[in-house]
Amino acid sequence: MVLANGSRFMRMVTLKYSAGGDLVWTIGSIEGGSGNVVRVASDGSTLFVQGYGQMYTARYRQTGLAGDVPPPPAPPPPVVPPPAPTNLAASSSTRARITLTWTNTATNATSITVQRCSGSTCTAFVAVAQLAATAKSWTDSGVKSRSTYRYRVFASNDAGRSSFSNVASATAR
């Protein structure tokens, strides 16, 4: 383009298209050479505005327009098995009952399972209770007086089960 004073320049234009290919906006130098030229930087969030040999920088935030395709949602975090309950303790203060207490360390559990075996050196544990995910204690009323029992607990969720807690034992009164 040639101005009345004989100077020459190229008219520059910046265009924005939607994801569907429709023109959204146009910015450029105005006719006659007295306007600014606007360019978008490669980072997609900086506009360069040029006019009469000077360069200005402005920031903008892309918010999208109707018809633009939003990015896909982030995938959900993976589900992992819960951590094991800790500090399992067993005691008997009432006839034919043993009370268990433990520290419930799981924030992602769906249940707590109590296992028991009878005898002071037993290893054949069987599940005797499935409790709420927030449980921290349980009383076993299915024991015989003057018999010794060993217990362990674990937490579960959709990804699997935790390790076992420590083993605790008690003799029923």
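The values are calculated or read from the model by the stated rules, or taken from the named source; none is laboratory data. The structure displayed is predicted, hence computed values, not measured ones. All Cβ positions, glycine included, derive from the backbone under ideal geometry; neighbour counts span all protein chains shown.
Annotations for the structure displayed:
- Filter result for the condition that a residue is exposed (fewer than 15 other Cβ atoms within 10 Å of the Cβ) and in contact (Cβ under 8 Å) with a residue 60 or more places away in the chain, over Asn157, Asn166: Asn166
- Residue check for Gln130: surrounded by fewer than 16 Cβ atoms within 10 Å (Cβ to Cβ) and not small (Gly, Ala, Ser): yes
- Residue in segment 64-87 that is at pLDDT 85 or above and either hydroxyl-bearing (Ser, Thr, Tyr) or outside any loop (DSSP other than H, G, I, E, B) (or both) present: yes
- Pick from segment 106-127, criterion in a loop (DSSP other than H, G, I, E, B) and touching a residue at least 40 places away in the same chain (Cβ under 8 Å), ranking: nearest to Ser169 (Cα to Cα): Ser120
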